[in-house]
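Engineer: This is the structure I want to talk about, given as structure tokens.
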Amino acid sequence: MQMTEPFATTVAAVAPVIIVAGSVELAIYGNSLRDWSRQVAVPVLEALGSAGEGLTAGARQESARRRLRQSLRRRWPKALTQFARAAFGLAWSLVMLAQVLAEVLALDWLSTPHAGPDQTEAKISALAIVIGTVWIALFPVARLHWAPYQPIWHWWLNRNTR
């Protein structure tokens, strides 16, 4: 495999498509994490702020710890879901970074007059495009297989909050 004009042109055309798909996914994960953070942060901060009003410093600290533990204990199952979303967001970020690298390599090669075939750049670019393509194909399949179990998971997460 070598970097040739048709290969570099293909990489330069495909990488941005994968970056756009990743951007959409990251926006979804970002909104989800932001909403969850608001739901968790406000009650925790209110609990800490009102903990032990009128108590001594030591008792106030213990009251704040107790309220924080109670608040987090009710929310830990949802935290697992958000942790998974954050991990997928990180994975998408890495895939997008690989696409940017492939795009830069391809455009640099195309813009260099009389650039010779380069095997290393071609392999890096091909690997990045393959990873991105597999990642894009993996998500709809994973969502499809997760769909029947999602209502059960949400019921389990919400059982303590009713």
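Engineer: What residue, among those in segment 74-95 that are open to solvent by 40 Å² or more (accessible area, probe 1.4 Å) and modelled with pLDDT under 70, is farthest from the chain's Cα centre (by Cα)?
Structural biologist: Restricting to residues being open to solvent by 40 Å² or more (accessible area, probe 1.4 Å) and modelled with pLDDT under 70, the top hit is R74.
Engineer: Testing P148 on (1) out of contact with any helix residue (DSSP H, G or I) (no Cβ under 7 Å at 6 or more places or on another chain); (2) assigned to a helix (DSSP H, G or I); (3) over 20 Å from M3 (Cα atoms), one condition comes back false. Which one is that?
Structural biologist: (2)
Engineer: Continuing with the same structure: Within the set of pairs 6+ apart or on separate chains, which have a first residue in segment 103-122 that is touching a residue at least 60 places away in the same chain (Cβ under 8 Å) and at positive phi, a second that is among the hydroxyl-bearing types (S, T, Y) and open to solvent by 90 Å² or more (accessible area, probe 1.4 Å), and C-beta atoms under 7 Å apart?
Structural biologist: Going by the 7 Å Cβ cut-off, there are no qualifying pairs.
Engineer: Of the residues in segment 28-42, how many are open to solvent by less than 30 Å² (accessible area, probe 1.4 Å) and either under 21 Å from R69 (Cα atoms) or of a type in the set (D, E) (or both)?
Structural biologist: Residues flagged as open to solvent by less than 30 Å² (accessible area, probe 1.4 Å) and either under 21 Å from R69 (Cα atoms) or of a type in the set (D, E) (or both) within segment 28-42 amount to 1.
Engineer: Would you call L68 modelled with pLDDT of 75 or more and surrounded by 14 or more Cβ atoms within 10 Å (Cβ to Cβ)?
Structural biologist: Against the criterion (modelled with pLDDT of 75 or more and surrounded by 14 or more Cβ atoms within 10 Å (Cβ to Cβ)), L68 does not qualify.
Engineer: Okay, next question. Tell me, please, whether a residue that is in contact (Cβ under 8 Å) with a residue 60 or more places away in the chain and open to solvent by 60 Å² or more (accessible area, probe 1.4 Å) can be found in segment 139-148.
Structural biologist: Looking for residues that are in contact (Cβ under 8 Å) with a residue 60 or more places away in the chain and open to solvent by 60 Å² or more (accessible area, probe 1.4 Å), one finds none in segment 139-148, hence no.
The values are calculated or read from the model by the stated rules, or taken from the named source; none is laboratory data. Quick caveat: nothing in here was measured; it's all calculated off a predicted structure. Positions of Cβ are backbone-derived with ideal geometry, glycine not excepted, and every protein chain shown enters the neighbour counts. Protein only, heavy atoms only, side chains kept; ligands, DNA and RNA dropped before computing areas. Shrake-Rupley method; radii C 1.70, N 1.55, O 1.52, S 1.80 Å.
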